[in-house]
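Computed from the coordinates by the stated procedures, all read-outs in this text should not be read as laboratory data. What you see is a predicted model, and the numbers here were worked out from it, not measured in a lab. Don't worry about glycine lacking a Cβ; one is built from the backbone with ideal geometry, like all the others, and counts go over all protein chains shown.
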Amino acid sequence: MATKTGFITGTGFYALPGATEVRPQEVVTPFGNVYVELASMENQEVVFIPRHGKRHTISPREINFRGNLWAMKELGVERILATSVSGSLVAAWGPGTLVLVDQFLNFTDGRAETFYPMNGRLAHVDVTDPYCRTLHEQLAASAEKLQISLKSGATYVCMNGPRFETRAEVEMVRRLGGHLLGQTNYPECVLARELAICYVTVGIVSNFAAGMQLTVTATEVIENIRKYGDTVGNLFAALVRDYPEHGDCACRHALDQAEL
Ligand SMILES: [Zn+2]
C-alpha cells in the first residue's frame with residue numbers, strides 16, 4: 001500500500017504544482033473547519049493545504065496549525081512535505097536556494113503549539129531531531145537524480161511576524177546559529193510529531209534577511225518565489241514517484257514513550 005502524502009505550502013504556492021483531479025473539501029476538526037484539496041499526483045492520492053489560504057488571507061499568527069495537522073491525520077496522511085519561504089542568513093544561499101531544514105529555533109509566542117492534554121493525558125514528545133530523517137534522505141536522493149540543487153543542514157528560526165525583522169533581530173539570530181528566517185514552520189513540525197506523522201520542510205530562500213540587504217518588500221518575496229515554482233513541483237512529484245512506500249519510521253513511534 002502506498003503511503004499517503006500530504007503537502008503544506010506557504011507564501012507563493014496556493015495550488016499544488018503537478019496535481020490533477022483536484023477536489024476541494026472542508027474537514028471538520030476539533031479546532032474548526034479546515035480547507036483541504038484532495039488530488040492525484042503520479043497516480044497516487046495526495047492531500048494539499050495552502051497554509052495561508054487560497055488567496056493568502058491568513059497571517060502567520062492566525063494559521064490554524066492544529067486544525068491543519070488534525071485534518072491531515074483524519075485523512076490518513078502519514079508523511080508531510082512542507083515548504084517554508086524564508087529569508088537567508090547565509091551569504092552563499094541567495095534567492096532561489098532550496099534547503100532541507102534540520103533544526104529550529106522558536107521565537108514565536110501566543111501560538112497553540114500542542115495537542116496535549118489529549119483525552120486527559122499529557123505527553124512530552126522528543127524533538128531532538130524535529131524533522132523526519134527518512135524523508136530528508138529520500139528528498140536529497142530525488143533532488144540529486146533530477147539535478148536539483150538542494151542544500152541541507154539548516155537551522156530555521158521562526159519569528160511571529162507578520163512584519164519582517166529588524167537589523168538587530170537578524171544579527172541576534174545569526175549569532176545564535178540560525179540559517180533561515182521565517183514565520184510559519186513552528187509549531188507545524190512539532191504538531192506533526194505529536195500525531196506521529198513524518199514531516200520534513202524545504203526552505204525556499206526568497207531574499208536575504210533584513211539587515212543583510214537594504215530593505216525587504218513583500219512584492220520582491222513573491223516575485224522571487226514564482227521563479228522557482230516548477231522546481232519545487234518537480235521535487236514534490238519525485239518524492240511520490242520514487243518513494244511510494246515510506247515503511248516504518250522513528251516518527252511513527254514518537255508517542256511510544258512520550259505519554260504520561
Ligand atoms: Zn519519519
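Restricting to DSSP H runs of at least four residues, report the calculated mean residue ellipticity at 222 nm for the chain, -39500 (n - 2.57) per run over all residues, nearest 500 deg cm²/dmol.
-7000 deg cm²/dmol
By how many nm would the segment from residue 149 to residue 61 grow when fully extended, if each residue of separation counts as 0.36 nm and the alpha-carbon distance is taken off?
Taking 0.36 nm per residue and subtracting the Cα distance, the gain is 28.6 nm.
Modelling each spin label as a point 7 Å along the Cα-to-Cβ direction, I'd like the residue 256/residue 129 distance in nm, to one decimal.
According to this spin-label approximation, the distance is 1.4 nm.
Starting with the fewest neighbours, write out 121, 252 ranked by other beta-carbon atoms found within 10 Å of each beta-carbon.
121, 252
How much length is gained if the chain between residue 113 and residue 160 is pulled fully straight, taking 0.36 nm per residue apart and subtracting their Cα-Cα distance, in nm to one decimal?
15.6 nm
Is segment 72-113 rounded, prolate or oblate when judged by the Cα gyration tensor, a ≥ b ≥ c being the square roots of its eigenvalues, rounded requiring a/c under 1.5 and prolate requiring a/b larger than b/c?
It comes out oblate by the Cα gyration axes.
May I ask you to sort 62, 165 by Cβ crowding, counting other Cβ atoms within 10 Å and putting the fewest first?
62, 165
Per residue, how big is the convex hull of the chain when only Cα atoms are used? Give it in Å³.
121 Å³
Counting pairs on different chains as well as pairs 8 or more places apart, how many Lys pairs in segment 5-253 have Cα atoms under 22 Å apart?
4
Share of antiparallel DSSP beta bridges in the chain, in percent to the nearest 5?
40 percent
Is segment 7-140 rounded, prolate or oblate when judged by the Cα gyration tensor, a ≥ b ≥ c being the square roots of its eigenvalues, rounded requiring a/c under 1.5 and prolate requiring a/b larger than b/c?
Rounded shape, in that the Cα axes give a/c under 1.5.
Once fully extended, how much extra length lies between residue 21 and residue 2, figured as 0.36 nm per residue of separation less the alpha-carbon to alpha-carbon distance?
5.0 nm
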